[in-house]
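Report on the structure given below.
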Amino acid sequence: MSLGIRSSGPGFEEPGPLAKTVLQTTSERCFETQQCMRAMLRITKIDTPSEQKLILEGRLTEPWIADLSSHWKETRRAHPERRFVVDLTGVMRIDSGGESVLALMKSAGAEFLASGIRLTHLVKDLESRIAERESRPFQGNIETGKH
């Protein structure tokens, strides 16, 4: 099983010396089986001087959502000033929890690379929801910040 960083196709750049190691979430019971590869989420993290990128491959569903959230927070905490890109072109399935994590990432300024009708529509929907939310005046208690 190769754990090298994929660096070809749309949205990929040569990672260079600052590339991070592939971070892979899996269980030891199904390490190299094809069925396991379809049931997990592979997260590849690439850091360059100007950009942070998470490349997702597989299923963005429970229980992998917590791992993505953790990698995202860790990555953003390290260099919040850098452009943050999430490559979704290798994602096969997203459940509602996965969509929620992507919405949080988008509201924090993440950019998405997507292909296919489903993922492209999801990204556009997230963008329009964020834009709509930002255009609405605040309708809560100013002192508590609650809606």
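The values are calculated or read from the model by the stated rules, or taken from the named source; none is laboratory data. Please read these numbers as outputs of a predicted model, since none were measured by experiment. Note that each Cβ is placed from the backbone with ideal geometry, even for glycine, and that neighbours are counted across all protein chains shown.
Against the list (1) crowded, with 19+ Cβ neighbours inside 10 Å; (2) modelled with pLDDT under 95, the condition Gly116 fails is (1).
Could you say whether any residue in segment 12-28 is at pLDDT below 50, in a helix (DSSP H, G or I) and aliphatic (A, V, I, L, M)? Yes: one or more hits.
With the requirement that a residue be more than 17 Å from Ile130 (Cα to Cα) and within 12 Å of the chain's Cα centre (by Cα), what does segment 70-112 give you? Ser70, His71, Trp72, Lys73, Thr75, Arg76, Asp87, Leu88, Thr89, Gly90, Val91, Ile94, listed by residue number. Against the test of being free of Cβ contacts under 8 Å to residues at least 12 places away in the same chain and either surrounded by 18 or more Cβ atoms within 10 Å (Cβ to Cβ) or not polar (S, T, N, Q) (or both), the options Ala103, Ala110, Ala131 yield a single qualifying residue, Ala131. Just one residue in the set Thr75, Thr44, Thr89, Thr144 is buried (at least 17 other Cβ atoms within 10 Å of the Cβ), at pLDDT below 90 and of a type in the set (Val, Ile, Thr); that residue is Thr75. Just one residue in the set Ala78, Ala131, Ala103 is touching a helix residue (DSSP H, G or I) at 6+ places or on another chain (Cβ under 8 Å) and among the small types (Gly, Ala, Ser); that residue is Ala103.
In this structure, Glu57 does not satisfy being among the acidic types (Asp, Glu) and either modelled with pLDDT under 90 or over 18 Å from Gly116 (Cβ atoms) (or both).
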